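As structure tokens, the structure follows; a few thoughts come after it.
The values are calculated or read from the model by the stated rules, or taken from the named source; none is laboratory data. This one's a predicted model, so the numbers in the text were calculated from it and none came from an experiment. All Cβ positions, even for glycine, are placed from backbone atoms using ideal geometry, and neighbour counts span all protein chains on display. For accessibility, only protein heavy atoms count, side chains too; no ligands or nucleic acids. Shrake-Rupley method; radii C 1.70, N 1.55, O 1.52, S 1.80 Å.
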Amino acid sequence: LIFSLLANNIENRVQFKSDIKNKGFESIDLEEIINNDTPDFFNKLVKIFLEKNAISGVQPKTIALIKDKESLNLKEFIIKTWGEEFPFLAENEYICLQILRKAEIKTANAILSKNKRFLIVEKFIYENNQILGFEEVLSLLDKNRINKYQGSYEQVAKTIASYSTNLKEDLKELFKLIVMNFYLKNGDAHLKNFGLLFSDDFSKIYLSPAYDVVNTVVYIFKDSPALMLNGKKIWWSDEELAKFGEKYCLLNSKEITNILENCKNALIFGIDFIKKYIQENPHFATIGKRMIDTFYLSLQNKSLKEIPNELIRNWRDY
């Protein structure tokens, strides 16, 4: 019954067909979402697309159907917002995605709403009017969501290597992404936040664009990496990250050096980006300054179990 009511409304490569007739969904105009980013409008979206909502996570989010202006096809977008526990989380993620792009990492397409309350993310399963298959590393490891923090980045790399038909590029992209998760201080890069896309005949299997990347320590001051690396959940320095890149991502020392340098340059870009962003959006000053502090910490290239207490004391004064 649950599958009959829910699964044939979920857009994916595999769909469940049922004799129970479900209602159709009208599309929402993108501009309407951008210009009406209020809690009431978010609740309206949740009610409209309730039977499409099969997404999980701490952050409040909902699916919405939006018509693509070029193809005129309907596409699913994920609309994310935030609550008091994690203020301005949409902007946090938006900025992290900009930094990832500067590091030449493929990311999900995302835009901020007018008042910065919504992050509107296009699902990346569409290609040439076809729907690609998608599997999280979590499911490829035969684990369920309660185990998403139980594993290692070595396991992620091995899983990608086991399935990818674009091995060299995928492992290089994965290394860049893991480095940036450490640099950005994203403590939520768990097994559900890495995945593979695949064509209908499985002739192409490759790493998905990056998604769900935020700086978590600006909210959870003592946060640590979601998964183990080298047997520990520590904010490792470049030396340990380089060892991982060489052993598990099949990169040579020159490639690793270039990637680390590019990622640091992206972080420096991010610092400047946030400073300018705060000038135009002073409401983001507290979170933005904390993000900048953590980025400077990453540039110092030290292995840290957690954010130093001295820095946290400064944050409480912001």
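Remark: spin-label model distance residue 166-residue 247 equals 2.8 nm, labels positioned 7 Å along the Cα→Cβ axis. For the chain, no complete DSSP H run has alpha carbons reaching 27 Å or more along its own long axis together with a mean Kyte-Doolittle score of 1.6 or higher. Based on Cα atoms of the stretch 199-309, Rg over Rh with Rh as the Kirkwood radius reads 1.03. With all protein chains in place and ligands, DNA and RNA left out, the 1.4 Å accessible area ranks 283, 190 as 283, 190, largest first. Counting only lysines at least 8 places from residue 80 when in the same chain, those with an alpha carbon closer than 16 Å to its own are 44, 47, 52, 61, 114, 116, 123. Structure note, pairs 172/302; 143/264; 102/247; 158/305: Cα-Cα distances above 27 angstrom occur for 143/264. Size estimate for the chain follows the Kirkwood approach: the inverse of mean 1/r over distinct Cα pairs works out to 20.6 Å.
Estimated purely from DSSP H runs of n ≥ 4, each contributing -39500 (n - 2.57), the mean residue ellipticity at 222 nm for the chain is -12500 deg cm²/dmol once divided by its residues. Dividing the C-alpha radius of gyration of the stretch 106-261 by 2.2 N^0.38 Å, with N its residue count, gives 1.06. Highest GNM mean-square fluctuation, the chain, Cα pairs closer than 10 Å: which of 181, 109, 144? The residue with the greatest mean-square fluctuation here is 144.
Computed from label points 7 Å out along Cα-Cβ, the spacing between residue 46 and residue 106 is 3.3 nm. Taking all Cα pairs closer than 8 Å and separated by 6 or more residues, the relative contact order of the stretch 81-185 comes to 20 percent. Looking at the chain, the accessible area is 50 square angstrom per residue; that uses a 1.4 Å probe and ignores ligands, DNA and RNA. Rolling a 1.4 Å probe over the protein chains gives residue 114 an accessible area of about 130 Å².
Each residue was assigned an accessible area with a 1.4 Å probe, and for residue 257 the value is about 80 Å².
Among the GluC sites (Glu not before Pro) in the stretch 126-173, none is located in a DSSP loop while being surrounded by at most 15 other Cβ atoms within 10 Å of its own Cβ. Each part gets one Cα centre, and for the stretch 73-93 versus the stretch 155-194 those centres are 23 Å apart.
Computed on protein heavy atoms with a 1.4 Å probe, the accessible areas place 248, 163, 153 in the order 163, 248, 153, largest first. Accessible area of residue 106 (1.4 Å probe, protein heavy atoms only, ligands and nucleic acids ignored): about 150 Å².
A crude spin-label estimate for the pair residue 269 and residue 299, with each label 7 Å from Cα along the Cβ direction, gives 1.5 nm. Legend: translational diffusion of the stretch 75-127 by Stokes-Einstein, Rh = Kirkwood radius over C-alpha pairs, 10 °C, 1.306 mPa s; D = 136 µm²/s. Considering only alpha-carbon pairs that sit under 8 angstrom and 6 or more positions apart, the relative contact order computed for the chain is 16 percent.
The calculated FRET efficiency for residue 280 paired with residue 32, based on their beta-carbon distance and R0 = 22 Å, is about 0.35. If I compute solvent accessible area with a 1.4 Å probe over the protein chains, what percent of it on the chain is carbon and sulfur? About 50 percent, which is the carbon plus sulfur part of the accessible surface.
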